[in-house]
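Shown next, in structure tokens, is the structure this report addresses.
Derivation of every value follows stated rules applied to the coordinates shown; laboratory data play no part. Owing to the predicted nature of the structure, the values given are computational and were not obtained by experimental measurement. Note: ideal-geometry Cβ built from the backbone for every residue, glycine included; neighbour counts use all protein chains shown.
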Amino acid sequence: MSLPPGFLDDLKTRASLSQVVGRKVTWDARKSNQGKGDMWAPCPFHQEKTASFHVDDRKGFYYCFGCHAKGDLISFVQETENVSFMEAVEILAREAGMPMPARDPKAQEKADRRTELAKIMEQAVQFFRLQLKTGAAGAARDYLAGRGLDDAAQARWDIGFAPDDRQALFKHLTGKGIAPDLIIDAGLSAKPDDGGAPYDRFRGRIIFPIRDPRGRAIALGGRAMDPNARAKYLNSPETELFDKGRSLYNHGPAREASGKDQPLIVAEGYMDVIALAEAGFGATVAPLGTAVTEDQLQLLWRMHDEPIIALDGDTAGFRAALRVVDLALPLIEAGKSLRFCLMPDGMDPDDLIRAEGAGAMRRHLDASVPLVQLLWRRETEGKSFDSPERKAALDHSLREAIRKVRDPSLRRHYGDEVNRLRRALFDNRPQGKTPFRPRGARFQQPAAPMSETKASALAAAGAPFEEQLKEAVILAALVTRPALVPQFVADLERLECSLGEHDAVRTALLDTEGATRADLEQLCGAHALEKLFQPRHVRISPAMRDDVDDDIAALSVAEELAKLTARRGARREIEDAMRDIEGLVDEGLTWRLGQVAEALSSAEKSGRDDGTEYDIGPNGARLKRDEKSDFDALLGRINYTKGRDRA
């Protein structure tokens, strides 16, 4: 809705900024000068004891010298009430006694009808409130008391009771002159197919009013008292007022509370919301009889950047969380995600609070996990990865899930985190094994590591720059020749990139096989591609030459992959050796390690066919036959030294 010229100026003239702000702060009498409209107070947007929040009533602006919050009358209402611009304007106009500009006739007619239906819903709420005090509601009152809700709490939530009578509400409302069609259109009564008299939808149930963000009653939720009822919980049908996929229980109060830096919690049902709010977690909402929808996620993100999904600690709760994961992956973006808080086994938030108190609930909320952790748990929990095929299946399912993330930067970070978790799962070395110890060897405390060993060629051999160059050559060749990508998909999936820009290009190549460079640039960013092609070594590589055909280029890529694998295998052997001999070396061994490091470094230069015989080291290092013998001999020396000194 557009506002006519001058409306906002008139509104700001009639409404006083200091009066609106004064409802949220306590003015500092020593610093403030009310006559000049120069007001000071502790800031309502951050915790402080000094008065650093300044309001200039004449200019109509506020500014905090502590947290730098600033704005005008409307932005202050938006921030403190957590409402949209138009909602803030409506609030201020209502307080100032200004009518909002008229809309077009059809829109106004629709708004008037919604207002009329909301009034009928409010009368139904009050009727059910009165019914809760009758003798017929004794069991309902006992149930609510057993759930820890006293009379004051019931009044705060407008909880009521629908008597087990086919037409109790219908007769009450028609007796007040309300047309039967309006009662039916509000979703309070239904008309049978046989043309009989309308009947109440809610009978023999505890009633929970459902309100929109502005506080208007738009629907009802009912919990059956009869354990044999067909549905334990029943919501109003969808009406002109109520769209269950776009509504949240406790939306308005939760929005206001989340605007005051409370965590936004998404629970499963009415009682969980009420229990959490009564325990001090006011920013709590629940979907209404359906799984969380895309529209509801957008509503949640308008209130808070990272809502916490708090679900029951059972199989159904975990499955519900996984459905939310699948829904959210294509929608998340930088600064907009979800966290998950799973309750203890067999408990919901209400159970936990009643059993262990609000402190236990807060600890569980503080321990909530990010979305990527739940995704990882779904793909790995209870599964065995004892074969290459199972590991490949895990890689495939994770890649398919991460591919749903639309934001290229965020998708890259998801890939980084999943790779970290994958390495932790597959690269864990067995702990606690007893090392080889020759018979009769004496125990000796290992000496401190020698500085000569740490500074030797062995340590220097782990420098990653040459690996980065080889990564760049491989990726640049595939970017330049997209037709080659299908041949190297498996290699790309296994490729561990040492730079974030390289991994962004790798992910883009996997996500869009055969795409042009322009397509890739949209996915991974121009900066990543520019950095990839920047080194001269990349630009002059054989696969980049125009006079080289795709077959020769493919051989060049394969050779670079083999060299990179060999170099990394050699480096890992060196790192493993360093860990194994830490504190157990002498000068002679240090010199020999330096010799082996040089041999390993030369291994990658032996790609040409010159008749030399090669062996493969334990981690894939390609070594000349004599170098392999030297390395094996050295490892034997290391193992013997370890056993001798630890005996």
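Taking other Cβ atoms within 10 Å as a rough exposure proxy, M39, M98 sort from fewest to most as M98, M39. The trypsin sites (Lys or Arg not before Pro) of the range 221-309 meeting both criteria, a DSSP state outside H, G, I, E and B (loop) and at most 16 other C-beta atoms within 10 angstrom of the site's C-beta, are R230, K232, K260. Listing C497, C524 from fewest to most neighbouring C-beta atoms within 10 Å gives C497, C524. For the residue pairs K119/K244; K49/K260; K106/K176, the alpha carbons lie more than 24 Å apart in K106/K176.
When the alpha carbon coordinates of the range 126-277 are projected onto the principal axes, the ranges are 52, 34, 29 Å, largest first. Structural descriptor for the range 104-242: relative contact order 24 percent, calculated from alpha carbon pairs under 8 angstrom and at least 6 residues apart.
Reducing the range 294-367 and the range 25-47 to their Cα centroids gives an inter-centroid distance of 39 Å. For F61, the residues whose modelled amide H falls within less than 5 Å of its own, excluding neighbours fewer than 5 places apart on the same chain, are D56. Extension gain, A197-A392: 0.36 nm per intervening residue step, less the Cα-Cα distance, totals 63.9 nm.
When F385, F127, F76, F53 are sorted by how many other C-beta atoms sit within 10 angstrom of their C-beta, beginning with the fewest, the order is F385, F127, F76, F53. Rounded to the nearest whole Hz, the Karplus-based 3J(HN,Hα) values (6.51 cos²θ - 1.76 cosθ + 1.60, θ = phi - 60°) of the range 388-393 follow the sequence x, 5, 5, 5, 5, 5, with x at glycine and proline.
A cut-off of 5 Å between modelled amide H atoms, ignoring neighbours fewer than 5 places along the same chain, links D165 with G204. Around the amide H of M343, modelled in the peptide plane, lie the amide H atoms of L311, G313, all under 5 Å away and 5 or more residues distant in sequence or on another chain. On the principal axes of its alpha carbon atoms, the range 16-105 extends 52, 27, 18 Å, with the longest extent given first.
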